[in-house]
Amino acid sequence: MAELFYEDDADLSIIQGRKVAVIGYGSQGHAHALSLRDSGVDVRVGLLEGSKSRAKAEEAGLRVTDPSTAAAEADVIMILVPDPIQADVYTESIAPNLKAGDALFFGHGLNIRFGFITPPADVDVCMVAPKGPGHLVRRQYEEGRGVPAIVAVEQDATGKAFDLALSYAKGIGATKAGVIKTTFTEETETDLFGEQAVLCGGTAALVKAGFETLVEAGYQPEIAYFECLHELKLIVDLMYEGGLEKMRWSISETAEWGDYVTGPRIITADTKAEMKKVLAEIQDGTFANTWIAEYKAGLPKYNEYKTADSEHLLETTGKKLRKLMSWVDEEA
Ligand code: NDP
Ligand code: MG
Ligand code: MG
């Protein structure tokens, strides 16, 4: 059984006694910086001159400096810039400012797991990875709740790294929801696999293929949109609340029968074999290296895929329909 930690297991005074630098102020960065500050922690945000996020952080009342100054002032440095540039930011701004006993924190383990960043042996290396998007992490904190997080220690130079990481997790509200102990390897590999094979990649491909099948057979795109995309949320909400069992309890027996007999014809043994290949490419670093090379080349393929999908009939149909739905909502 996984090890779980809650409010009483974490001591907020540990992180309150440290100086924290949050490098980056995007989805996760803003949530961590603001919630730590509201938890009574001494926080500064590290951003480059001319960064788009700078004004936002300053308007929120945070102190902003350049990443090197932030790293030099702090003894806990949380790196929340995009994964493909973390190694550059680390080399330029953080590594020269690390002192023995400092702690280097991550929100995702990719750069440590695949060796793009190798911290010195005398600093703690920890991860606090909320299992939800940054804007939800912040909203839940403001509402007195939290998004669950997973916490890991890669290097325990001080002998107190885990308690520090738990304390940080408490500072962003995560121990209200529950914190699970993991390793950098497990977090990185399962996070990448989950988002590629199931949550984002798998789901988007499933929705698109279903939508195209109906439209190519002559059905109206609006009807196909409702069947293959809109209703997905209602089904996933039921799974989230009570697993497959609750979803099956709520749907019709006809839908449930179709679920049993047709699901395995769509996600076949071949699909699972391909999933295993995807996982192997994640584990051996192929995926991480390809992605970082694409990012450094200026994202040519990424932008091509993005444009193609934004022009897909599924998306143009959805845009029109969602406007209609918000109008219906306003009238209600
Ligand atoms: P975002 O892309 O939302 O934010 C990136 C931030 O970094 C921006 O403020 C950006 O500034 C800043 N930035 C970019 N380049 C530099 C630089 N050279 N020096 C300093 N700051 C810079 O990132 P995310 O929050 O999505 O991701 C951060 C980390 O959190 C990643 O490790 C990710 O895997 C992890 N994570 C993210 C989740 C999420 O909800 N998105 C969920 C769980 C983990 P500017 O405004 O100028 O571009
Ligand atoms: Mg991820
Ligand atoms: Mg239906």
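How about the stretch 231-278: which of its residues are within 23 Å of A197 (Cβ to Cβ), within 16 Å of ligand 3 (Cβ to nearest atom), surrounded by 11 or more Cβ atoms within 10 Å (Cβ to Cβ) and β-branched (V, I, T)?
Within the stretch 231-278, I235, V236 meet the criteria.
Anything in the stretch 25-63 that is of a type in the set (A, V, I, L, M, F, W, C), over 18 Å from Q86 (Cβ atoms) and touching a residue at least 24 places away in the same chain (Cβ under 8 Å)? List them, or say none. Please lay out each step first, then the result.
Narrowing the stretch 25-63 to residues of a type in the set (A, V, I, L, M, F, W, C): 31, 33-34, 36, 41, 43, 45, 47-48, 55, 57, 60, 62.
Going one step further and asking which of them are over 18 Å from Q86 (Cβ atoms), we end up with 34, 36, 41, 43, 55, 57, 60, 62.
L34, L36, V41, A57, A60, L62, listed by residue number.
I'm trying to understand the selection: among the residues of the stretch 102-135, which are closer than 16 Å to D191 by Cβ and either among the basic types (K, R) or assigned to a helix (DSSP H, G or I) (or both)?
L110, N111, I112, R113, K131, G134
Among residues belonging to the stretch 92-137 that are closer than 25 Å to L4 by Cβ and among the small types (G, A, S), point out the one that is farthest from the chain's Cα centre (by Cα).
A103
Within the group D284, D259, which residue is acidic (D, E) and within 28 Å of H230 (Cα to Cα)?
Details: D284 fails: within 28 Å of H230 (Cα to Cα).
D259 is the lone residue from the list that is acidic (D, E) and within 28 Å of H230 (Cα to Cα).
Being small (G, A, S) and touching a Leu at 6+ places or on another chain (Cβ under 8 Å) narrows it down to one residue among A308, A293, A280, A288; which is it? Break it down into steps so the answer makes sense when it comes.
On the way: A308 fails: touching a Leu at 6+ places or on another chain (Cβ under 8 Å); A293 fails: touching a Leu at 6+ places or on another chain (Cβ under 8 Å); A280 fails: touching a Leu at 6+ places or on another chain (Cβ under 8 Å).
Every option except A288 fails the conditions.
Determine which single condition D66 fails, assuming it passes every other condition in (1) touching an Asp or Glu at 6+ places or on another chain (Cβ under 9 Å); (2) among the acidic types (D, E); (3) more than 10 Å from ligand 1 (Cβ to nearest atom).
Answer for D66: the failing condition is (3).
Going through the stretch 208-220 one residue at a time, which ones are more than 14 Å from ligand 3 (Cβ to nearest atom) and buried (at least 17 other Cβ atoms within 10 Å of the Cβ)? Quick ask: steps written out before the conclusion?
Start the filter on the stretch 208-220 by keeping residues that are more than 14 Å from ligand 3 (Cβ to nearest atom), which leaves 208-209, 212-213, 215-218, 220.
Answer for the stretch 208-220, where residues must be more than 14 Å from ligand 3 (Cβ to nearest atom) and buried (at least 17 other Cβ atoms within 10 Å of the Cβ): K208, V215.
Are any residues in the stretch 178-215 without any contact (Cβ under 8 Å) to a residue 60 or more places away in the chain and within 15 Å of the chain's Cα centre (by Cα), and if so, which ones?
Once the filter is applied, which keeps residues that are without any contact (Cβ under 8 Å) to a residue 60 or more places away in the chain and within 15 Å of the chain's Cα centre (by Cα), the stretch 178-215 yields E186, T190, G194, E195, V198, L199, C200, G201.
Would you please name the residue that is farthest from ligand 2 (Cβ to nearest atom), looking only at residues in the stretch 239-258 that are among the polar types (S, T, N, Q) and part of a helix (DSSP H, G or I)? Don't jump to the end; show me each part of the working.
Of the stretch 239-258, the ones among the polar types (S, T, N, Q) are 250, 252, 254.
Filter once more, so that each one left must be part of a helix (DSSP H, G or I): 250, 254.
Values: S250: 30, T254: 37 Å.
Restricting to residues being among the polar types (S, T, N, Q) and part of a helix (DSSP H, G or I), the top hit is T254.
In the list A31, A2, A55, A10, which residue meets the criterion of being touching a His at 6+ places or on another chain (Cβ under 9 Å) and over 21 Å from I117 (Cα atoms)?
On the way: A2 fails: touching a His at 6+ places or on another chain (Cβ under 9 Å); A55 fails: touching a His at 6+ places or on another chain (Cβ under 9 Å); A10 fails: touching a His at 6+ places or on another chain (Cβ under 9 Å).
Among A31, A2, A55, A10, only A31 is touching a His at 6+ places or on another chain (Cβ under 9 Å) and over 21 Å from I117 (Cα atoms).
Of all residues in the stretch 266-295, how many are of a type outside the set (A, V, I, L, M) and either modelled with pLDDT under 95 or in contact with a Lys or Arg (Cβ under 9 Å, 6 or more places away or on another chain) (or both)? Before the answer, list the steps.
So the first thing to find is which residues in the stretch 266-295 are of a type outside the set (A, V, I, L, M), and the list is 268, 270-272, 274, 276-277, 281, 283-287, 289-291, 294-295.
Now drop any that are not either modelled with pLDDT under 95 or in contact with a Lys or Arg (Cβ under 9 Å, 6 or more places away or on another chain) (or both), which leaves 285, 294.
Residues meeting the conditions: 2.
Could you identify the single residue in G173, G178, G194 that is buried (at least 20 other Cβ atoms within 10 Å of the Cβ), away from ligand 3 (no atom under 16 Å from the Cβ) and under 29 Å from E142 (Cβ atoms)? Spell out the reasoning first.
Details: G178 fails: buried (at least 20 other Cβ atoms within 10 Å of the Cβ); G194 fails: buried (at least 20 other Cβ atoms within 10 Å of the Cβ).
Of G173, G178, G194, the one residue that is buried (at least 20 other Cβ atoms within 10 Å of the Cβ), away from ligand 3 (no atom under 16 Å from the Cβ) and under 29 Å from E142 (Cβ atoms) is G173.
Give the residue that is farthest from ligand 2 (Cβ to nearest atom), with candidates limited to residues of the stretch 43-64 that are more than 17 Å from V76 (Cβ to Cβ) and of a type in the set (G, A, S).
Within the stretch 43-64, the match that is farthest from ligand 2 (Cβ to nearest atom) is G61.
Out of the residues in the stretch 123-152 that are under 22 Å from A60 (Cα atoms) and of a type in the set (D, E), state the one that is surrounded by the fewest Cβ atoms within 10 Å (Cβ to Cβ).
E143
State which residue is nearest to ligand 1 (Cβ to nearest atom) when the search covers only the stretch 188-211 and only residues that are farther than 24 Å from A152 by Cβ and of a type outside the set (G, A, S).
Of everything passing the filter in the stretch 188-211, T203 is nearest to ligand 1 (Cβ to nearest atom).
When you check P84 against the structure, is it over 21 Å from V153 (Cβ atoms), within 9 Å of ligand 1 (Cβ to nearest atom) and touching a helix residue (DSSP H, G or I) at 6+ places or on another chain (Cβ under 7 Å), yes or no? Walk me through how you get there before you give the answer.
Details: over 21 Å from V153 (Cβ atoms): yes; within 9 Å of ligand 1 (Cβ to nearest atom): no; touching a helix residue (DSSP H, G or I) at 6+ places or on another chain (Cβ under 7 Å): yes.
No; evaluated as a whole, the condition is false for this residue.
The values are calculated or read from the model by the stated rules, or taken from the named source; none is laboratory data. This structure is a prediction, so every number in the text was calculated from the model and none was measured. Using ideal geometry, Cβ is built from the backbone for each residue, glycine included, and neighbour counts are taken over all protein chains shown.
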